[in-house]
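A short write-up of the structure that comes next.
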Amino acid sequence: MKLSLLIFAALAQASAANDVVSMLSSNENFSTLVSLVGAAGLVEALSSTGPFTVFAPTNDAFDNLPEGTVDELKLAENRDMLTSILTYHVIDGTFLSTDLADGPVETLNGAEV
């Protein structure tokens, strides 16, 4: 199974053009992720001043999920699960891939990666 995942540090400033959601929205490869961020109600939180590091799955990664998974995650009754999944992919602060080799870091949902 091919996994498509990009890691980037969003150095969000006060300017709206530099927040995580704006950065993701500017790239068509993240349109599924952006729609899920909206469904989870995380747009405001991820549009705030960071910095955040996001393990951002591309549309190709979502295409590899079983059929119907993305639509199921968007349902209101699955919002808590979706929020947990998405916040697992975000770290508060700026981390490069070389920083991750130094040991685990805590994600916004409290898990360590």
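The values are calculated or read from the model by the stated rules, or taken from the named source; none is laboratory data. Being a predicted model, the structure only gives us computed values, none of them experimental. Quick reminder, even Gly has a Cβ in these numbers, built from the backbone with ideal geometry, and neighbours come from all protein chains shown. Surface areas here come from the heavy atoms of the whole protein model, side chains and all, with no ligands, DNA or RNA. Shrake-Rupley method; radii C 1.70, N 1.55, O 1.52, S 1.80 Å.
Of a type outside the set (Phe, Trp, Tyr), in contact (Cβ under 8 Å) with a residue 24 or more places away in the chain and under 22 Å from residue 95 (Cβ atoms): is that true of residue 32 in this structure?
no
Can you tell me which residue in segment 96-105 is nearest to residue 55 (Cα to Cα), limited to those that are assigned to a loop (DSSP other than H, G, I, E, B) and open to solvent by 50 Å² or more (accessible area, probe 1.4 Å)?
Filtering segment 96-105 for residues that are assigned to a loop (DSSP other than H, G, I, E, B) and open to solvent by 50 Å² or more (accessible area, probe 1.4 Å), the one nearest to residue 55 (Cα to Cα) comes out as 96.
Consider only pairs whose beta carbons are under 8 Å apart and that are at least six residues apart or on different chains; among these, list those whose first residue lies in segment 77-89 and is within 14 Å of residue 112 (Cβ to Cβ) and whose second residue is open to solvent by 70 Å² or more (accessible area, probe 1.4 Å).
Going by the 8 Å Cβ cut-off, the qualifying pairs are 87/108; 88/108.
What number of residues in segment 68-95 are over 21 Å from residue 49 (Cα atoms) and among the polar types (S, T, N, Q)?
2
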